[in-house]
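Have a look at the structure below before the remarks.
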Amino acid sequence: MDYSASLLYLVAFCWGAIWGSFLNVCIYRMPAGRSIIRPASHCPACSEPLKAWHNIPILGWVLLGGRCGFCRAGIASRYPLVESLMGVLSVALLADSLSRAEATFLSDAGALAGIDPGPGLGVVLFPFLYHFVFVAGLVVITFIDLDHLEIPNEVTLPGVLIGFGGSLVLYPYSGAGVVWWSSLLGALVGGGFLLALIGGYALLTGREGMGLGDFKLMAMVGAFLGIQALPLVLFASAAQGLLYAVLLLLTGRGDAHRDQLLEIEAREAEAAGAGDEHCHEEGPAEPAAESESALSRLRSMPIPFGPFIALAAIQWLFVGDRVSLWLAGLFG
């Protein structure tokens, strides 16, 4: 890798980390219904506005020793984690955009589609930014769902529109993304299928299996990735969610994890009593009977499904087409 390419990837990492810092604000403030713009970043413990160098992604947390520069209250390690994660994903997205642009212009399909490589940087930059917005939304959704067992409409609903709108412009311009009809069907079928599944489960069992935010998230995923991505995204998310549950059982952490999530539900239920319309539980769940098996307790555990949909969507974004080709060769 030459120096110019290394510098480009370094810029991409810094770009992702900077936006990761903003995503931390969204993750913290959105569930509380607070503005993500004002007030400026401040310590949650002492409310002192942060200095500019405190806000340097990753490095600021390291220099402060993971503590507030004023009151010395602890700063969660999640902050640099999200910033680092977005930095790595940004580099991966740039590498993927460069690879796909090169493959498109060197292929007969690109020539037949009439795609003109003349726009230059735009054929890499626009797909990169389009998918960066998608991945950033998935990261926000993941951490909010883990903390609050909810998926914010403020991310999923604009995400559906951005995903579909991008397909109208991006695919004809650079061949990246998905064609508009695949995006539209992906949003309708992805959201509709999961909504039907949620409704059917509630009708058959008399209790909620997944939150309504999950079907909106699936509509967003379908809008960005197209209808062809839905079968593998649904399968991968369900399989990885099941694997996570099995690992909890095998490691003996099932009960502790269940108690943690029930505590979140109780907290959100209390907030609902104060006017929080996002939480759909009437109150904290009843504690499990001592004689109830670990498997039964785990089956009733409200495991958030959003993070697994997000993980599967990111996996498809990077390797989905290769997996599809491999499956076609395997069963074709």
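General remarks:
- The stretch 145-223: translational diffusion in µm²/s, Stokes-Einstein, Kirkwood Rh over Cα pairs, 20 °C, 1.002 mPa s: 161
- Restricting the calculation to alpha carbons of the stretch 33-80 gives Rg and Dmax of 10.5, 31 angstrom.
- Net charge dipole size for the stretch 12-102 [Lys, Arg +1 and Asp, Glu -1 on Cβ; Debye, nearest 20]: 400
- Interchain or long-range residues, amide H under 5 Å from ARG67's placed H: ILE75
- This ranking places HIS42, HIS148, HIS54 by how few other beta-carbon atoms lie within 10 Å of each, fewest first, which gives HIS42, HIS54, HIS148.
- The mean sequence separation of alpha-carbon pairs under 8 Å and at least six residues apart, normalised by the residue count of the stretch 1-88, gives a relative contact order of 41 percent.
- Convex hull volume per residue for the stretch 1-88, taking Cα atoms only, in Å³: 101
- The amide H of HIS42, built 1.01 Å from its N in the peptide plane, has LEU50 as neighbours under 5 Å, considering only residues 5 or more places off or on other chains.
Every read-out reported here was derived from the displayed coordinates using simple, explicitly stated rules and does not represent laboratory data. From a predicted model like this one, the values you see are computed outputs, not experimental measurements. Reconstructed Cβ throughout: ideal geometry from the backbone, glycine too, with neighbour counts over all protein chains shown.
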